[in-house]
Structures are given as structure tokens and as C-alpha cells.
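What follows is a set of notes on a single structure, which appears directly below.
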Amino acid sequence: MNFPIRVYYEDTDHGGVVYYANYLKFMERGRTEFLRSHDIELDQLQHEYGIMFVVTEVNIRYKGAAHFNDMLNIETLLTQASGARIIFTQHTQRTCSGMQDTLLTDANVQLACVNHHGKPCLIPKALLSILQQHIHKET
């Protein structure tokens, strides 16, 4: 799934370059929209199942920098869903009309399913079934 984001002044440092940690916020939005596009709302998961997903690991490679007013695309691929965890691969690309997109970040993000006490728990079977239908298969 692709999620477009424009870089605002608040996302940048005094030099107009996106602050490195803001890519994590952009990716969070991408994951949320990925789930939403499959009718999975995070607040409903908490209400209906008493669960949340928390980030347990991020591996990110920065390959370039985004700047104020750039248009970015956050590509989000679900690569694993089993037991108590889900893993996403995410790419941030700068998009320019008429030009080839520029890859800015590659990341793997692992999330754990936790209950309302913050303790790890299994992903509910109904939810896991939905997630597994949307796992990206390498081609």
C-alpha cells in the first residue's frame, strides 16, 4: 500500500532537511493506513479485543534526505503475521512528477501484540486470518 505525505516545515531541521526521527512518524502513519485500508482500526482492536500493537524493533537504512515541501510516498508491505507479532517492510520515496522516484529509507518494523496490561498475547484468530490474507509475497 502506498501513502503520500508532504514534508512540512515542522518536519525539518533549521536547514530544511527532514529530521531523521520523523521518518519513523511517517512510517507509523503508513502502517495505520495499511491496516485501515483492510478495515482494521487500531482503536476498535483495543475496544473489541483488548489488544494493541507496540513496536519492538526497527531496522532502518537512510539512503537520502527529504526536504521541506517534498512529496513522499510511504510504501508499506506486511511481510509476516503469526503468533504475537507482525512485521512490515517500509520504503520512503521522494516523488517528483516526470522523474523517477528516489528511495530515501528502507525499514523493517516488528510489532508485538499486547493486552491492556502491556503483556504479550496472541493475535486474535479472526484478526490474524485477515492479516495473513494481505501478506506480501516476494516475487
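The values are calculated or read from the model by the stated rules, or taken from the named source; none is laboratory data. Only a predicted model underlies this, so the values are computations on that prediction, with no experimental measurement involved. Cβ atoms come from the backbone with ideal geometry, glycine included; neighbour counts cover every protein chain shown.
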| said: Quick check on residue 69: is it surrounded by fewer than 17 Cβ atoms within 10 Å (Cβ to Cβ) and either free of Cβ contacts under 8 Å to residues at least 40 places away in the same chain or over 28 Å from residue 17 (Cβ atoms) (or both)? | reply: no
| note | Expected output for region 121-136 (first residue farther than 16 Å from residue 52 by Cα and free of Cβ contacts under 8 Å to residues at least 60 places away in the same chain, partner among the small types (Gly, Ala, Ser) and surrounded by 15 or more Cβ atoms within 10 Å (Cβ to Cβ), Cβ below 9 Å, 6+ apart or cross-chain) is 132/81; 135/81
| message | Residues that are modelled with pLDDT under 95: list the strands (runs of 3 or more DSSP E) wholly contained in region 7-96 that include at least 3 such residues. | response | none
| Residues satisfying the stated conditions in region 117-139, i.e. of a type in the set (S, T, N, Q) and in a loop (DSSP other than H, G, I, E, B) | 133, 139
| field | Among (1) in contact with a Pro (Cβ under 6 Å, 6 or more places away or on another chain); (2) in contact (Cβ under 8 Å) with a residue 60 or more places away in the chain, the one test that residue 84 misses | value | (2)
| field | residue 127 vs. criteria crowded, with 16+ Cβ neighbours inside 10 Å, more than 14 Å from the chain's Cα centre (by Cα) and more than 25 Å from residue 46 (Cβ to Cβ) | value | no
| query | Given the residues 30, 50, 83, 64, which is the only one that is within 28 Å of residue 9 (Cα to Cα), small (Gly, Ala, Ser) and loosely packed, with under 15 Cβ neighbours inside 10 Å? | reply | 64
